[in-house]
Amino acid sequence: MYHLSPHFTMAEFTASQTAARRGINNTPPPHIIPALTRTAEGLEQIRARLGVPILVSSGYRCLELNGLLGSKPTSQHALGEAVDFTAPGFGNPRNVVDAIASADIDYDQLILEFAHHGGGWVHVSFADHPRHAAFQLDGAGARPLYA
């Protein structure tokens with residue numbers, strides 16, 4: 001098993017039911033590995049802050065998979081810079097986002113996605129030049145998380 005960091009594996013970052021159903025090879029090319037490693041290291045910081053395991057629901061997406069999921073070709077998922085996750089042992093996605101935003105974690109984007117009626121997930125990305133942008137995204141669109 002190939003580990004990107006102590007708690008996160010390549011398999012975890014590339015798993016996709018859609019890719020499996022469609023026969024899509026979601027293996028990242030070698031030039032994406034440094035970004036995936038940086039992202040896993042960022043998740044290690046989040047895991048340490050939360051004190052509980054993180055459940056990755058979507059990490060790296062090849063362009064074909066990314067397009068099938070309705071995402072743009074410029075998505076940070078396709079660059080190996082982003083993951084979607086939950087941390088049920090810590091709380092709901094809003095609790096998780098608030099904990100990350102209040103910590104000294106060098107994220108690029110932090111997005112609370114579709115967190116209504118107790119559902120949703122957290123999207124976080126890590127880039128070379130982090131913007132520390134925090135948003136919420138739902139049926140009404142995207143808007144700043146903290147206004």
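The values are calculated or read from the model by the stated rules, or taken from the named source; none is laboratory data. What you are looking at is a predicted structure, and each value in this text was computed from that prediction instead of being measured. All Cβ positions, even for glycine, are placed from backbone atoms using ideal geometry, and neighbour counts span all protein chains on display. Ligands, DNA and RNA are stripped out before the accessible areas are found, and what is left, the full protein with its side chains, is counted by its heavy atoms. Shrake-Rupley method; radii C 1.70, N 1.55, O 1.52, S 1.80 Å.
The residue list 104, 98, 84 contains one member that is of a type outside the set (Gly, Ala, Ser) and under 27 Å from residue 25 (Cα atoms), which is 84. The residues on offer are 133, 103, and the sole one that is at pLDDT 95 or above, closer than 19 Å to residue 48 by Cα, open to solvent by less than 80 Å² (accessible area, probe 1.4 Å) and of a type in the set (A, V, I, L, M) is 103. If you go through the stretch 110-135 and keep only what is part of a strand (DSSP E or B) and farther than 17 Å from residue 57 by Cα, you end up with 133, 134, 135.
Can you name the residue in the stretch 80-132 that is in contact with a Pro (Cβ under 9 Å, 6 or more places away or on another chain) and of a type in the set (D, E, K, R) and, of all such residues, is nearest to residue 47 (Cα to Cα)? Out of the qualifying residues, it is 106. Between a first residue in the stretch 2-24 that is closer than 28 Å to residue 48 by Cα and a second residue that is part of a loop (DSSP other than H, G, I, E, B) and among the polar types (S, T, N, Q), which pairs have beta carbons less than 7 Å apart while being 6 or more apart in sequence or on different chains? Close Cβ pairs (under 7 Å, with a partner that is part of a loop (DSSP other than H, G, I, E, B) and among the polar types (S, T, N, Q)) amount to 14/26; 14/27; 16/26.
Within the stretch 23-39, identify whether any single residue is touching a strand residue (DSSP E or B) at 6+ places or on another chain (Cβ under 7 Å) and either among the basic types (Lys, Arg) or under 30 Å from residue 99 (Cα atoms) (or both), and answer yes or no.
For the stretch 23-39, residues touching a strand residue (DSSP E or B) at 6+ places or on another chain (Cβ under 7 Å) and either among the basic types (Lys, Arg) or under 30 Å from residue 99 (Cα atoms) (or both): present.
Going by what's in this entry, would residue 84 be described as under 16 Å from residue 128 (Cα atoms) and in contact with a Gly (Cβ under 9 Å, 6 or more places away or on another chain)? Criteria not met by residue 84.
Taking the condition in a loop (DSSP other than H, G, I, E, B) and of a type in the set (Asp, Glu), does residue 106 pass? Taking the combined requirement at face value, the residue satisfies it. A residue that is in contact (Cβ under 8 Å) with a residue 12 or more places away in the chain, small (Gly, Ala, Ser) and within 17 Å of residue 13 (Cβ to Cβ) can be found somewhere in the stretch 87-109.
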